[in-house]
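The values are calculated or read from the model by the stated rules, or taken from the named source; none is laboratory data. Because the structure is a prediction, the values reported are computed rather than measured. Note that each Cβ is placed from the backbone with ideal geometry, even for glycine, and that neighbours are counted across all protein chains shown. What goes into the accessible areas is simple: the full protein's heavy atoms, side chains included, and nothing from ligands, DNA or RNA. Shrake-Rupley method; radii C 1.70, N 1.55, O 1.52, S 1.80 Å.
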Amino acid sequence: MNQPLLELQNLSLSYHTMEGEVAALSDISFSVREGEFAAVVGPSGCGKSTILNLISGLLPIEKGEIFFRGEKLSKDSPLNIGYMLQKDHLFEWRTVYKNIILGLEIRRQMTPENLARADALIDQYGLSSFRDARPSQLSGGMRQRAALIRTMVLDPDLMLLDEPFSALDYQTRLSVADDIGTILRSAGKTAILVTHDISEAVSMADRVIVLSSRPARIRTIIPISLSLGNTPRTPMTSRNAPDFKTYFNLIWKELHADA
Amino acid sequence: MRESALQEQYRQQQKRRKYRVHFLRLFLFILFLALWEISARTGLIDSFIFSSPSQIAETCISLTLEEGLFVHIGVTLYETLASFLLVLVFGVGAAVVLWLFPGAARVCEPYLVILNSLPKSALAPLLIVWLGANTTTIIVSGMSVAIFGSIMNLYTGFSEIDKDKLTLIYTLGGTKRHALFKVVLPGSIPLILSVLKVNIGLCLVGVIIGEFIGARQGLGFLIIYASQVFKMPWLISSIVILCVIAVILYFLLNLLERWYTRKR
């Protein structure tokens, strides 16, 4: 139990262009426990998403190491990761159901159990009447739900959320964040959320990792424990907690420390 | 639900507009035929050179009975469809290969541009020498007009597919093969359909060019033969038939496109 699920050790990475080398990450180390919800905030363009790309193996590791359940990550042992991107990228030429089982199709895991789980998730998250609809018939919030189910069907060990709400308008954004946050928490998923929105990070995460501007280094890691009394914690109730503002201001100061 | 009077009025107005356009189109066609016929009969234009609608109709009948017009039409149609399908197969195939190997695409790009801008009619005599005066040559001639543009258009379309959609496939554990079959190809069907609509006309052009110089059958042959022996009604009839063929082929592809859009 003491062993963290995921551990990043001294990650550094540079992008190479003809104009020269651009340092993106510098000496990033942090760990995430099983079932924990971590948020990474930083100024835009500081390399937040790069961290997720390294964890998921989309980018090769240049310097440093990543451990998953104590084992070093390598090309041959990719993690079972669920990735949510800024846009839902539901394919218009597939029905909602076909979009949801896309991952199963690719991994050749269309077993009866997995398909049953897909059906259960569709029912559970209220998409059963849109099963055979086209994605364009769904609202923005429903689309993100479908995108979430698409990754949940694969039963990922770790969820990576790369600004998954930033393409939505403010109202939808609040309710979708609440929705997704509640779903992930009740499913007990470990998640890393990348965002530039401080209040989103505070409302959803157990711990907020604050990055500096490029090259990103860890400025501080702030554990969030809101005094909610007896109300269960959801992103929405978190926003109403009395100490929400304190955390917001703390992170704000950290982000603007060198400005 | 009952519609308001204004809604009803709007609908009527739109309908009337639509009918008016249809009517005027038909009217223009009939007017053109009538003016042509009258001018030819009154000697306003020389009917020996310009022919006339009634003469064309007669010629079509006599060509059918005496010269096997339908064989010529069949040959041209066969060659056009063959080159059209081959362009589809090779065009998509080549574009896929270029997409799979972007390095190769960058190397090939200037050559594709040159081949595409080359006037393909200049190639026809060369093809006759290389491949002989036969059907193969004419099909290749038809292909030559459409293939390079198709490859370039399709490859550009393939590369413009949203990068994040490909990332999604990779995050789900997919490979480049999955990206191709789950995203790039299904996402490019509208593009492929619009390329096909352009190609059918281009292939017809290439086939006629080929028939001009190396055929014993087909509408292109009929046209060149008629012009050499100065049978103007033959020539103009063939052109009219070509016109009809082009319209029908385009119409069929339009149906296919509409069927696909409705299916979605």
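Being open to solvent by 40 Å² or more (accessible area, probe 1.4 Å), not small (Gly, Ala, Ser) and not assigned by TED's automatic domain parsing to the domain that holds B:VAL198: is that true of B:ARG106 here?
Here the answer is no, as B:ARG106 does not meet what is asked.
Can you name the residue in the stretch A:95-113 that is within 13 Å of chain B (Cβ to nearest Cβ) and among the charged types (D, E, K, R) and is also nearest to A:PRO156 (Cα to Cα) among such residues?
The selected residue is A:ARG107.
Which ones in the stretch A:109-153 are of a type in the set (D, E, K, R), assigned to a helix (DSSP H, G or I) and farther than 17 Å from A:VAL176 by Cβ?
Matches in the stretch A:109-153: A:GLU113, A:ARG117, A:ASP119, A:ASP123.
Out of A:LYS72, A:LYS87, A:LYS48, which single residue is of a type in the set (Lys, Arg) and touching a helix residue (DSSP H, G or I) at 6+ places or on another chain (Cβ under 9 Å)?
None of the other options fit; the residue is A:LYS87.
Of everything in the stretch A:102-117, what is more than 20 Å from the chain's Cα centre (by Cα) and crowded, with 20+ Cβ neighbours inside 10 Å? Give them in sequence order.
A:ILE106
Looking at the stretch A:53-80, which of its residues are modelled with pLDDT of 80 or more, within 14 Å of another protein chain (Cβ to nearest Cβ) and either over 22 Å from A:GLN109 (Cβ atoms) or open to solvent by less than 50 Å² (accessible area, probe 1.4 Å) (or both)?
A:ASN53, A:LEU54, A:ILE55, A:SER56, A:LEU59, A:PRO60, A:ASN80
Is it the case that B:GLU66 is under 23 Å from B:VAL198 (Cα atoms) and among the acidic types (Asp, Glu)?
No: the conditions fail for B:GLU66.
Just to verify a result, which residue in the stretch A:154-187, among those that are over 19 Å from A:LEU90 (Cβ atoms) and assigned to a loop (DSSP other than H, G, I, E, B), is farthest from the other protein chains (Cβ to nearest Cβ)?
A:ALA187
Which of the following residues is open to solvent by less than 30 Å² (accessible area, probe 1.4 Å), over 30 Å from A:THR50 (Cβ atoms) and in the same structural domain as B:ILE245 (by TED's automatic domain parsing): B:LEU168, B:LEU196?
On inspection, the qualifying residue turns out to be B:LEU196.
Please determine, by comparing only the residues of the stretch B:171-193 that are of a type outside the set (Gly, Ala, Ser) and in a loop (DSSP other than H, G, I, E, B), which one is farthest from the other protein chains (Cβ to nearest Cβ).
The extreme case among them is B:THR175.
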